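Chemist: The following block contains the structure, expressed as structure tokens.
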């Protein structure tokens, strides 16, 4: 089985850029690698409902932590076979967000920490009930919330995408999410975590070697 590596972080942290660079580094190290990003907006019914809710198109669902949480979880549940197939055919499966994102955002919406009931509910639902594979390692791309918000706003202006959603534009929420992510990383929730400073260059070849080590 391959290694399941997950990149987590705030909206605008630079996860997609890190994923692209790390993919290249894994390949240089001789590993076969494939990737996936959650939510799967282009292919998943649940993800499309998530997007509608985040833009206020499904009434108050976007404000309901458990309602949104189960949609995020079902999106991954329906990708379970694809995840397992990728792990059996590649050395590395690199994910842009996974179970921890559900835990961090839902707990932040509930004003809870990493030891609260929402995080435990996510683990019980996604790992135990749905049987999703546990990551080998999780990377927290840490940036100040203000910088993440600026990057997100810049991306909105320069890319042909929809405007930022209600969660992305909620600065207080993003700050709370960052704190929950820090707590998850400190406790190595589900698997070992590695902190990546998103404000300075990262030696991706060294990071790739570390993540591939037995």
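Chemist: Please verify whether the stretch 55-71 includes one or more residues that are in contact with a strand residue (DSSP E or B) (Cβ under 9 Å, 6 or more places away or on another chain) and under 23 Å from residue 15 (Cα atoms).
Modeler: No, the conditions are met nowhere in the stretch 55-71.
Chemist: Looking at (1) under 18 Å from the mean Cα position of the chain (by Cα); (2) outside any helix (DSSP H, G or I), which is the only condition residue 74 fails?
Modeler: Against the list (1) under 18 Å from the mean Cα position of the chain (by Cα); (2) outside any helix (DSSP H, G or I), residue 74 comes up short only on (2).
Chemist: Answer yes or no: is there a residue in the stretch 28-43 that is under 26 Å from residue 143 (Cβ atoms), touching a helix residue (DSSP H, G or I) at 6+ places or on another chain (Cβ under 8 Å) and assigned to a helix (DSSP H, G or I).
Modeler: yes
Chemist: Do the conditions hold for residue 50, that is, is it in contact with a helix residue (DSSP H, G or I) (Cβ under 8 Å, 6 or more places away or on another chain), surrounded by 21 or more Cβ atoms within 10 Å (Cβ to Cβ) and more than 30 Å from residue 32 (Cβ to Cβ)?
Modeler: Yes.
Chemist: What are the residue pairs meeting all of these: first residue in the stretch 17-34, first residue at positive phi, second residue outside any loop (DSSP other than H, G, I, E, B) and at pLDDT 95 or above, Cβ atoms under 9 Å, and 6 or more apart or on different chains?
Modeler: 30/212
Chemist: Could you identify the single residue in 111, 78 that is surrounded by fewer than 17 Cβ atoms within 10 Å (Cβ to Cβ), in contact with a helix residue (DSSP H, G or I) (Cβ under 9 Å, 6 or more places away or on another chain), closer than 21 Å to residue 144 by Cα and at pLDDT 95 or above?
Modeler: Being surrounded by fewer than 17 Cβ atoms within 10 Å (Cβ to Cβ), in contact with a helix residue (DSSP H, G or I) (Cβ under 9 Å, 6 or more places away or on another chain), closer than 21 Å to residue 144 by Cα and at pLDDT 95 or above holds for just one of 111, 78, which is 111.
Chemist: Being out of contact with any strand residue (DSSP E or B) (no Cβ under 6 Å at 6 or more places or on another chain) and assigned to a loop (DSSP other than H, G, I, E, B) is the filter; apply it to the stretch 120-143 and report the residue that is farthest from residue 35 (Cα to Cα).
Modeler: Filtering first and then ranking leaves 143.
Chemist: Okay, moving on. Filter the stretch 20-47 down to the residues that are over 17 Å from residue 75 (Cα atoms) and crowded, with 20+ Cβ neighbours inside 10 Å and list them by number.
Modeler: 22, 25, 26, 33
Chemist: Any idea which residue in the stretch 167-195 is farthest from residue 32 (Cα to Cα), counting only those that are out of contact with any helix residue (DSSP H, G or I) (no Cβ under 7 Å at 6 or more places or on another chain), modelled with pLDDT of 95 or more and not in a loop (DSSP other than H, G, I, E, B)?
Modeler: The extreme case among them is 179.
Chemist: Would you tally the residues in the stretch 9-27 being in a helix (DSSP H, G or I) and in contact with a strand residue (DSSP E or B) (Cβ under 8 Å, 6 or more places away or on another chain)?
Modeler: 8
The values are calculated or read from the model by the stated rules, or taken from the named source; none is laboratory data. Values in this document were obtained by computation on a predicted structure and should not be read as measured data. Because the Cβ atoms are built from the backbone with ideal geometry, glycine has one as well, and the counts that use them run over all protein chains shown.
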